[in-house]
1. Just to be sure before I move on: is A43 at pLDDT 95 or above, farther than 28 Å from D245 by Cβ, of a type outside the set (V, I, T) and out of contact with any Gly (no Cβ under 8 Å at 6 or more places or on another chain) in the structure I sent?
2. For residues that are in a strand (DSSP E or B), free of Cβ contacts under 8 Å to residues at least 40 places away in the same chain and farther than 15 Å from Q248 by Cβ, tally how many sit in region 77-92.
3. Which residues, counting only those in region 58-73, are open to solvent by 20 Å² or more (accessible area, probe 1.4 Å) and without any contact (Cβ under 8 Å) to a residue 60 or more places away in the chain?
4. Under the condition of being part of a loop (DSSP other than H, G, I, E, B), among the charged types (D, E, K, R) and in contact (Cβ under 8 Å) with a residue 12 or more places away in the chain, which residue from region 197-254 is farthest from A104 (Cα to Cα)?
5. How do the pairs read when you match residues in region 93-116 that are part of a helix (DSSP H, G or I) with residues anywhere that are modelled with pLDDT of 95 or more, using Cβ under 6 Å and keeping only pairs 6 or more apart or on different chains?
6. Enumerate the strands (runs of 3 or more DSSP E) found wholly within region 123-182, keeping only those where 3 or more residues are over 21 Å from G205 (Cβ atoms) and either among the charged types (D, E, K, R) or modelled with pLDDT under 95 (or both).
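The values are calculated or read from the model by the stated rules, or taken from the named source; none is laboratory data. This one's a predicted model, so the numbers in the text were calculated from it and none came from an experiment. For neighbour counting, all protein chains shown are included, and Cβ atoms are generated from backbone atoms with ideal geometry for every residue, glycine included. When the accessible area is computed, the model is the full protein with side chains, heavy atoms only, and any ligands, DNA or RNA have been set aside. Shrake-Rupley method; radii C 1.70, N 1.55, O 1.52, S 1.80 Å.
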Amino acid sequence: MRRSLRWLARIVGALVALLLTLFVVLYLTQRHPLPEAAEGDAAEALARRMNAAVNADAWARTGAVRWRTRDGARHLWDRARNLERYDQFGLRVLIDLGTRRGVAWRDGAALQGDALRTALDRAWARWANDSFWLNPVPKVFDGGVRRALARDDQGRDALRVTYTVGGVTPGDRYLWILDENGRPRAWRMWVKVLPIPGLEASWEGWITLPTGAQVSTVHRIAGLRITLDDIAAAETLAALEGPADPFQALFGAR
């Protein structure tokens, strides 16, 4: 028995050492310093160019969008009414994103009390994160966002963005690295939830939605490939989902 425990301890120790080594390697190879940047007209012009490259005006006309994340979360976002339907692992949540009130079910059974509050908080946090990865480009002109002109590794113009308010972790900073047409090809992230400063994620697999807005569906981060799937959008919820309102059960809870 003691010999088995010693072998188990050695295996666990070896795994911990391997994980620590991998983290150190990733930290040393993937980190980037936050570049110097200057606010002003040049930064504003670059931000407008980036928005034009992904047709942000068409995104403003996109009243409803549906998509699925790699871990199986499914979202239906009624952008016109600021409502969200979140589905994952038997949990369904309908939530008013402004008030954070709503209704939820687990395997068809309605949730109440603390269980409901936990479900609503989870749905809001997932929407905040997943919708940001769906299309963050137009958000560079949101209130509380600071835009500054920087340079990428090749000395080309890049846009440094700081979110001073909103979202799950306000204060996060990003560097948008653009292609020759002004469309994002990558960004670097200095965010509270990541232990590696300046970690880079690619922006690729661009598609054009029926409304004309462009979104990226593939991100590569430190060798990992993250995708957004089953993306569909329309100018109205009815055009996307049909005449029946999928949020009808929410109205009595708002």
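1. For A43, the condition - at pLDDT 95 or above, farther than 28 Å from D245 by Cβ, of a type outside the set (V, I, T) and out of contact with any Gly (no Cβ under 8 Å at 6 or more places or on another chain) - is met.
2. 3
3. Within region 58-73, D71, G72 qualify.
4. E235
5. L116/A104
6. Of the strands (runs of 3 or more DSSP E) lying wholly inside region 123-182, those with at least 3 residues that are over 21 Å from G205 (Cβ atoms) and either among the charged types (D, E, K, R) or modelled with pLDDT under 95 (or both) span 145-151, 157-163.
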